[in-house]
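For reference, the structure is listed below as structure tokens.
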Amino acid sequence: METTLSTLRSQAGGPKPGFSPASGPVSGSRRFNVRGRPPLIVILPSLLVSLILLAPLVYLVIRASDAGVDAFEMLTRARTLHIFKNTVLLAAAVVATSIIIAVPLAWLTSRTDLPGRTFWASAAVLPLVVPSYVGAMTIVAAIGPRGLLQEILSGPFGVERLRRSMVFSALGLPFLSSRFPMSFSM
């Protein structure tokens, strides 16, 4: 009994005769262009979502063009520039805080023999599951002026109220806003 190469391949689960892995079935069926344009059923919803996302930006441009010279004066006011500076500083502090937390955590869980490595890797991305406002409210409830930490410290140390600057300051806001799991998971 003679065994052919195609019989051995089909028994071993390999490619079937008449099949080319690069292009699918060679004869008798429709070929798909791997590098071509995506199908219309993908393009149309994508364009619709893009238009919906661009609508607020288009509205802002139209409203700003109606303001004329007053828009430039409003954008260069001292208060507007101060708010813009604070926003940029907060964004930079959040990025720095996220990197400071995420990079060592990623290194510890991937490059060392940390006990419970899989637990720490899983626990590090759990804040992605919790909405940001719930996480922020939890932290405020824990270390806010009249939070859980204050209750713990009130008995032995007589602390009646923690300083607001622990949470609502230039140091506390980046910590509350940082989403270090995003940096960790990359």
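The values are calculated or read from the model by the stated rules, or taken from the named source; none is laboratory data. Here the structure is a predicted model, which means the values were calculated and not measured. All Cβ positions, glycine included, derive from the backbone under ideal geometry; neighbour counts span all protein chains shown.
Odds and ends about this structure:
- Look at (1) more than 19 Å from the chain's Cα centre (by Cα); (2) under 30 Å from PHE168 (Cα atoms); (3) exposed (fewer than 13 other Cβ atoms within 10 Å of the Cβ); (4) of a type outside the set (A, V, I, L, M) and you find that GLN150 fails only one, number (3).
- Residue count for the range 20-40, restricted to those that are surrounded by 10 or more Cβ atoms within 10 Å (Cβ to Cβ) and modelled with pLDDT of 90 or more: 0
- Matching option when the condition is out of contact with any Cys (no Cβ under 6 Å at 6 or more places or on another chain) and within 27 Å of VAL88 (Cα to Cα), among VAL130, VAL159: VAL130
- Taken over the range 41-92, the criterion of being exposed (fewer than 10 other Cβ atoms within 10 Å of the Cβ), at pLDDT below 90 and under 30 Å from PHE168 (Cβ atoms) is satisfied by THR76 alone.
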